[in-house]
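K.L.:
For reference, the structure I am asking about is given below.
The values are calculated or read from the model by the stated rules, or taken from the named source; none is laboratory data. Please read all numbers here as calculations on a predicted model, not as lab measurements. Reconstructed Cβ throughout: ideal geometry from the backbone, glycine too, with neighbour counts over all protein chains shown.
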Amino acid sequence: MTHEMHLYKEPFEMIKNGSKTIELRLYDDKRKLIHVNDTIVFTSTENPNEKITAKVTALHVFDSFATLYKNLPLLKCGYTPENIDNASPDDMNTFYSKSQQKKYGVLGIEILVIS
């Protein structure tokens, strides 16, 4: 199955160059349809004509971003050596409210770019 997701410029570029191999999302009804070996087409929010296709290699489900941050390598989740010391699960509150996180749980989607 193929899924579609949109990404802001920085995470899009990090997936494109291979430095970000885990995409973080809510584990909502849409994400519960994702399975290992599915594909995801990521579209840049800045340039909708720019797309990346990736294969799902693993799924990591957690009750919260706090738990996810303790268990996954954050350098694969979009942080860099320059900002890893300031990494906080609260960074995800910009995208998903605490009530959404509590309701659905969270997901780390491990991917491999294929085109």
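K.L.:
Taking the options L107, L59, L112, L72, name whichever one is in contact with a helix residue (DSSP H, G or I) (Cβ under 8 Å, 6 or more places away or on another chain) and closer than 21 Å to I15 by Cβ.
P.N.:
On the way: L59 fails: in contact with a helix residue (DSSP H, G or I) (Cβ under 8 Å, 6 or more places away or on another chain); L112 fails: in contact with a helix residue (DSSP H, G or I) (Cβ under 8 Å, 6 or more places away or on another chain); L72 fails: in contact with a helix residue (DSSP H, G or I) (Cβ under 8 Å, 6 or more places away or on another chain).
It is L107.
K.L.:
Mind checking which pairs have a first residue in the stretch 75-101 that is in contact (Cβ under 8 Å) with a residue 24 or more places away in the chain and a second that is of a type in the set (A, V, I, L, M) and surrounded by 13 or more Cβ atoms within 10 Å (Cβ to Cβ), Cβ under 6 Å, 6 or more apart or different chains?
P.N.:
These pairs meet every condition: K76/I22; C77/I22; C77/L24; G78/M14; P89/A66; Y96/L26; Q100/L26.
K.L.:
I would also like to ask the following. Which residues, taken from the stretch 31-56, are loosely packed, with under 15 Cβ neighbours inside 10 Å, touching a strand residue (DSSP E or B) at 6+ places or on another chain (Cβ under 8 Å) and more than 18 Å from P11 (Cα to Cα)?
P.N.:
Answer for the stretch 31-56, where residues must be loosely packed, with under 15 Cβ neighbours inside 10 Å, touching a strand residue (DSSP E or B) at 6+ places or on another chain (Cβ under 8 Å) and more than 18 Å from P11 (Cα to Cα): L33, H35, V36, N37.
K.L.:
Also, I was wondering about something else. Is it true that A54 is without any contact (Cβ under 8 Å) to a residue 60 or more places away in the chain and either under 28 Å from K102 (Cβ atoms) or not in a loop (DSSP other than H, G, I, E, B) (or both)?
P.N.:
Numbers: without any contact (Cβ under 8 Å) to a residue 60 or more places away in the chain: no; either under 28 Å from K102 (Cβ atoms) or not in a loop (DSSP other than H, G, I, E, B) (or both): yes.
Taking the combined requirement at face value, the residue does not satisfy it.
K.L.:
Pairs, please: C-beta under 7 Å, at least 6 apart or cross-chain, first residue modelled with pLDDT of 95 or more and in the stretch 103-115, second assigned to a strand (DSSP E or B) and of a type in the set (S, T, Y)?
P.N.:
If the second residue must be assigned to a strand (DSSP E or B) and of a type in the set (S, T, Y), the pairs left are E110/T57; I111/T57; L112/T57; I114/T53.
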